[in-house]
Structure formats: structure tokens, C-alpha cells
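The values are calculated or read from the model by the stated rules, or taken from the named source; none is laboratory data. Quantities reported herein were computed from a predicted structural model and do not represent experimental measurements. Every residue, glycine as well, gets a Cβ built from its backbone with ideal geometry; the counts of neighbours run over all protein chains shown. Areas reflect the complete protein model, heavy atoms only, side chains present, ligands, DNA and RNA absent. Shrake-Rupley method; radii C 1.70, N 1.55, O 1.52, S 1.80 Å.
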Amino acid sequence: MVAVEGADAQGRLACPQQKQSARAPHRKPQRSVTVRGMSNGGNMSLDTNGESQQRRSWRIRIVAISVIAVLCIALGVWVAGVSVAGSRTAGTERQELVHLNNQRAIVDNSMNLYEPLVNKFFARYTTAFSEEASDQDKQQVFDEETGRLQRDARINRERLQRMESSPALRKQEVADAFKVFQQEYGAVVTYNEQRVTDLAAIARSIGGACASIHSRFNVNSENYAQEYVKAADGCLASLSSGKEGSSQETTKLLSDVEAVISRQRGTAQKVVESKDRFERNVAIIESGLALLDINKPLNEAQTIYEADVRAKYSGLIEKANTSNAEFERILKESIELAGQEAKSGE
């Protein structure tokens, strides 16, 4: 119990007595009201102190009620403001999530455009070589087709970068899903850019300098061996330069073809270097037999290459699709939750 100075024996508060030196409070004179016409000519004096205290009491009550009313109004406005702010926050969050989900769908759909664009590029570019178009025409085809692919790649990269700044990524679950999505789809973009480099190298070598090496020359010609050696040198040079910047799979393909052409060139070189007719005839027979079997190793190299590329590309697409499905699931769940919070705040 806390002792209170000035309390009486019952614990009631008593006003402390003033010190002797203090001035006595000034008392206002009583107001009197004279009522005429009363008997004995008496005056009737009315003490108005009780009336003044009653008025002050009512004023205090009115002020107190006014203060309470103002506080209630202010509190009500504050609570309503918080409710509206909470509703606005939830609504804004939902809009941010919806926008991010729309960007995700755009990126996902744009990935489907790469395959036909890449195939179109390779078809046009190899046709330019097979038709022996001028270097200027070949370059024009290359610039047109790769330009489209590069623009799409740039757009997707920029879109992924813009998604990084989305306020919706403040939610950790959404941010984690986006990180995987960005990584996997970025890998697909990078792979398709590499495919352009690989297919260009194949078109210039296997589809270009090496394309007609086994069909354009007459094997019965006296100068066949010399012509083959010369054409093989050009083919080998293009295969060697094609390896620069190529992927591991494409480098292996070009190396396998290079090995086949090198062996065939070696048999033709023996014909060129033969010293007499007998040695020349033997070398020609060996070269012809090797030429008959050349398609087998070339086909094997092509089959291995296609299988390796398909496996790699399928793996990238599968990872991208998985990340997209997970990202979409988390976004839709977050959108639904934000919508419920916005409604509850209304």
C-alpha cells in the first residue's frame, strides 16, 4: 500500500492546511437581489454562489463530453485509415504479383519462338552455301537471321533483368522461385545463342567447303586425286576454323568429320605421290574402297552429334519448364492470398 500524505484515519484524502504566511484567498462579495413589494419593506438577499458552481459544473461536463467525442472521432478516423491503408497495401501487393506473373508468361511463351527461328536460320544459311551464293548474299542471310535471334535474346534478358526489380520479390518464397526461373531460362537463352554459332560453323564447313567433296569430282578422272587433295585441304581448313567458339558437341562433330576427311585425303595423296603405274593403280583402288566406306563414319558422327545435342537441349528445357511451373504455382498462391487480405481489409 502506498501512504498518501494528508489522508485521514479512514484513508480518505484531506486537503492540506495552508501555511500561516500564505495570503487568504480573496472572496467575492455576495450578490444580493432586492425584491420590492414585500411586506415590512424587507429586502430579500439571494446567495448566487451555488448557481455559479452549478454552471461551472455543466461547462466542465460539456467540455469533457466534447473532448471525448473528439477523441472518439479521431480514433475512428485513425482506425479507418489503418484499415484502408492495409487494404490498399494488400491490393497493391496483388497487382505487383499479377504483373510479375504476366512477365513470367511472356518469357515462357517467347522461348517457344527460338526453335523455329533457329531452324529457319540454318535452312536459309545452308541453302546459300549449297546454291553457291555469293559471299555478299551469304552474309546478308546470316545478318538477317541472326539479327532476329539476337533481338529476341536481348529482349528476354532485359525482361528478366526488369523482373529483378519487382516489389513482389520482397516475399522470400517468390524471390527464391524467381531466382531459379531466371537461372534456367537464362541458360536456355544462352544455349540458343550458342546454337547459332554452332550451326553457322556447321553450315560453313560441312554444308559449305565439305558438302560436295565426294560428289563433285569424277573418280575415273585422271586428275581426281589432285582435285580431291585440293578440295580436302579447303574442307579441313573450314572444319578447323569452325571449332573456334563452338560448343563441346559441335567441336566433337567437326573433329570426327575432320578425321574422316583426313584419312580419305591421305589415300588420295598416295595416288598423287605414286611413282609408277602399278603403285598408282594400287593407290587408286585403296582410295576408291575408302571412299565407298566414307559415309558410314560420317553418318555415325552425325547421329552421335544429334543425340548429344538433343539430350542437352531437352535437359535444359525440362529444367526451365520445372522452374516455370513452380514459379507460376507460388505466384498464383500469393496472388490469391493477397486478394483475400485485400477483401478482409475493406
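Side notes on the structure shown:
- Derived scalar couplings between HN and Hα for region 174-181 equal 5, 5, 5, 5, 5, 4, 5, 4 Hz in order, rounded to whole Hz, by the Karplus curve 6.51 cos²θ - 1.76 cosθ + 1.60 (θ = phi - 60°), x for Gly and Pro.
- Working ranking of peptides 108-121, 272-285, 322-335 by packing, defined as the average number of other Cβ atoms within 10 Å per residue, highest first, is 322-335, 108-121, 272-285.
- Global geometry of region 165-235, whether rounded, prolate or oblate, following the gyration tensor of its Cα atoms and the 1.5 cut on a/c: prolate
- Computed from the Cβ-Cβ distance with R0 of 45 Å, the FRET efficiency linking Lys252 to Ile155 stands at 0.90.
- With R₀ fixed at 51 Å, the C-beta to C-beta distance from Glu131 to Thr322 puts the FRET efficiency at about 0.75.
- Peptides 148-159, 128-139, 202-213, 173-184, ordered by how many other C-beta atoms sit within 10 Å of their residues on average, highest first, read 202-213, 173-184, 148-159, 128-139.
- Selection from Met111, Ser166, Val189, by position along the positive dipole direction of region 106-193 (Cβ): Ser166
- Three-way shape call for region 114-162 based on the alpha-carbon gyration tensor, with the a/c threshold at 1.5: oblate
- Set of region 136-179 residues, backbone N closer than 18 Å to the point 7 Å along the Cα-Cβ line of Arg329: 172-179
- Within straight-line reach of Lys230, meaning a Cα separation under 17 Å, sit the following lysines at least 8 residues removed in sequence or on another chain: Lys270.
- Three-way shape label, region 241-303, alpha-carbon gyration tensor, a/c 1.5: oblate
- Cross-link table Lys296/Lys319; Lys120/Lys171; Lys138/Lys252; Lys312/Lys332; Lys252/Lys319; Lys120/Lys319, entries beyond 32 Å C-alpha to C-alpha: Lys296/Lys319; Lys120/Lys171
- If only the Cβ of Lys and Arg carry +1 and only the Cβ of Asp and Glu carry -1, the dipole of region 153-271 around its Cα centre is close to 160 debye.
- Taken per residue, the accessible surface of region 182-277 reaches 48 Å², heavy atoms only and a 1.4 Å probe.
- Accessible area of region 279-333 divided out per residue, in Å², using a probe of 1.4 angstrom: 62
- To put it simply, the accessible area of region 158-315 at a 1.4 Å probe is 51 percent carbon and sulfur.
- Spatial separation of Cα centroids for region 162-201 and region 237-260, in angstrom: 29
- Theoretical gain in end-to-end length, Thr190 to Leu291 [0.36 nm per residue, Cα-Cα removed]: 32.5 nm
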